[in-house]
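The values are calculated or read from the model by the stated rules, or taken from the named source; none is laboratory data. Every value quoted in this text rests on a predicted model; they were computed, and no experiment measured them. Backbone-built Cβ (ideal geometry, glycine too); neighbour counts: all protein chains shown.
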Amino acid sequence: MKTTALTQKHIDLGAKMVPFAGYNMPVQYQGVTVEHLNVREKVGVFDVSHMGEFFIEGSHALDLIQRLSSNDVSTLVDGQVQYSCMPNLKGGIVDDLLVYKFNAEKYMLVVNASNIEKDWNWINKFNINKAIISNLSNDYSLLAVQGPMASQAIQSLTSLDLSTLKYYTFALADFCGFKDVIISATGYTGAGGFEIYFRNKIAETIWESILESGKSYGIQPIGLAARDTLRLEMGFCLYGNDINDETSPIEAGLTWITKFNNNFNYSKELQLQKENGVQRKRVGFEILNRGIARSGYKIFNKKDEEIGFVTSGTMSPSLQKSIGMGYVKSEYAKIDTDLYIKIRNKKIQAQVTKLPFYKL
């Protein structure tokens, strides 16, 4: 099992460690609810160094990414980030990812930890013009500082005015006395904040500095369990749960990152899906009775006919409601439609609701 540069720090802090995407990762420290609410109300720091970082460079870099990405990378300006996915040749999703544009001939792709090897092989398969590709996933650490007080918590560590960093932009800046640290205003929690990329050798110094500078703002280390409940409240997809090789971006409600002014893998077929509709759709739902829907649970209609399945579910710490997402036949995807989810041996009533569940 792989470790991050900060694994021992988490163990020393008493974190509960679990295997995740091949890594030994902290799932929680004080408890999911406490950590979740700390991010919503104050600020927390996540070690997400298990994520993958690929650099694509050279005169053919843009062409390669355009072939692979459902979104239109040509619209990016230097210092901008874009959310996208890589469709496979059957319309499913190889992975969802972030695209960072440094300049016309340098990009960084941030991919999911569980898909690093698969993504690497997929990208190389289509690199016919020999763009320069580097897999630096094992060299980089990544910390996500998230919450309404994130800016105040780490502003003292950089000369970059964090308030000027707009959502989905990034900058190379000094951080904790180190040069050329990547600071981006992205996130997976809906609470605002920053993601910070740097070399492994300075990871412990940066981790300790962030915890110290954020102390007066209530910063706490946060585990992956709270990361999951935070992203679910926002209706964000988790690869392997809500999207995978068998789900198309149109079915998943990711039409907004699927642009058709560019020929990418399976683009013509996905455009037909958009125009003609799909047989199933990803929806958010709220459980109306007691119970928590878990991944794989079956969804039924009033006539007791099976119409879909759950992909994610939890008790929302912010809303104190049982929420979830899943795929249902398209005719059952309208807001306020009644659903029935089989939890153990009972069918529990639920209702389709608008995403995100949590409104800022």
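Numerical summary
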read-out: Qualifying residues in region 326-344 (those that are touching an Asp or Glu at 6+ places or on another chain (Cβ under 9 Å) and within 24 Å of GLY190 (Cβ to Cβ)) - the one surrounded by the fewest Cβ atoms within 10 Å (Cβ to Cβ); value: TYR327
read-out: Residue pairs meeting the criteria (Cβ under 7 Å; at least 6 apart or on separate chains; first modelled with pLDDT under 95, in region 180-206; second crowded, with 23+ Cβ neighbours inside 10 Å and not in a loop (DSSP other than H, G, I, E, B)); value: GLY187/ALA144; GLY187/GLN146; GLY187/GLY193; GLY187/GLU195
read-out: Among (1) among the basic types (Lys, Arg); (2) exposed (fewer than 13 other Cβ atoms within 10 Å of the Cβ); (3) modelled with pLDDT of 95 or more, the one test that LYS347 misses; value: (2)
read-out: Number of positions in region 280-330 that are among the small types (Gly, Ala, Ser) and either part of a loop (DSSP other than H, G, I, E, B) or in the same structural domain as GLY31 (by TED's automatic domain parsing) (or both); value: 5
read-out: Some residue of region 126-135 being without any contact (Cβ under 8 Å) to a residue 40 or more places away in the chain and either in contact with a Pro (Cβ under 6 Å, 6 or more places away or on another chain) or crowded, with 16+ Cβ neighbours inside 10 Å (or both); value: no
read-out: Residues that are outside any strand (DSSP E or B) and either in contact (Cβ under 8 Å) with a residue 40 or more places away in the chain or within 14 Å of LYS302 (Cα to Cα) (or both), drawn from region 345-360; value: LYS354, LEU355, PRO356, PHE357, TYR358, LEU360
read-out: Restricting region 30-50 to residues that are part of a loop (DSSP other than H, G, I, E, B) and surrounded by fewer than 21 Cβ atoms within 10 Å (Cβ to Cβ), the residue that is nearest to the chain's Cα centre (by Cα); value: VAL48
read-out: Of residues in region 225-238 being of a type outside the set (Gly, Ala, Ser) and crowded, with 21+ Cβ neighbours inside 10 Å, the one nearest to the chain's Cα centre (by Cα); value: CYS237
